[in-house]
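The values are calculated or read from the model by the stated rules, or taken from the named source; none is laboratory data. Remember, predicted model here, so these are calculated numbers, not experimental data. Glycine gets a Cβ as well: all are built from the backbone with ideal geometry, and neighbour counts include every protein chain shown. All accessible areas refer to the heavy atoms of the entire protein, side chains included, with ligands and DNA or RNA removed. Shrake-Rupley method; radii C 1.70, N 1.55, O 1.52, S 1.80 Å.
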Amino acid sequence: TPDTRAQGLMYEEHLPENDGMLLVFEDQDYHGIWMKNTHIPLDVVWINESGTIVDIATLQPHDMNITHPRQPARYVLEVNAGMFSGKIGDTINSI
């Protein structure tokens, strides 16, 4: 839901090593992410409808700035900072 996406990983104090959150949006757009009330640093990966990674950012806890991708995306993957090993242009086959 929009509320679930807006909350994301807010208030989480720990994220297990191989866990994350996949945000699925109804449309492909420049979906912004911020770190309000988020206590752990995250790698944020924007993925388009075709499964191609269009941007990646490492965001720090409690940063109130909104970070947008360079290109439109339909999916946003959030994992522990330093855990994502893909790169822009890679394709993710299972979304």
Here the gain from full extension of Thr1 to Val24, 0.36 nm per residue of separation minus their alpha-carbon distance, amounts to 7.4 nm
Scoring the chain by relative contact order with C-alpha pairs under 8 Å, at least six apart, yields a percentage of 33
Taking the highest mean first, how do the peptides 73-84, 58-69 order by number of other beta carbon atoms within 10 angstrom per residue?
-> 73-84, 58-69
Which value, in debye to the nearest 20, describes the size of the charge dipole of the chain about its Cα centre when Lys and Arg Cβ atoms bear +1, Asp and Glu Cβ atoms bear -1, and nothing else is charged?
-> 200
If you take the square roots of the eigenvalues of the alpha-carbon gyration tensor of the chain and sort them as a ≥ b ≥ c, do you get rounded (a/c under 1.5), prolate (a/b over b/c) or oblate?
-> prolate
Hey, can you find the accessible area per residue of the range 53-93 for me, probe 1.4 Å, expressed in square angstrom?
-> 58
Can you list the residues of the range 29-47 with backbone N under 13 Å from a point 7 Å past the Cα of Ile92, pointing along Cα to Cβ?
-> 43-47
Rounded percent of accessible protein surface that carbon and sulfur make up, the chain, 1.4 Å probe | 46
Using a Förster distance of 30 Å, how high is the FRET efficiency between Met10 and Ser50, based on the Cβ-Cβ distance and rounded to 0.05?
-> 0.55
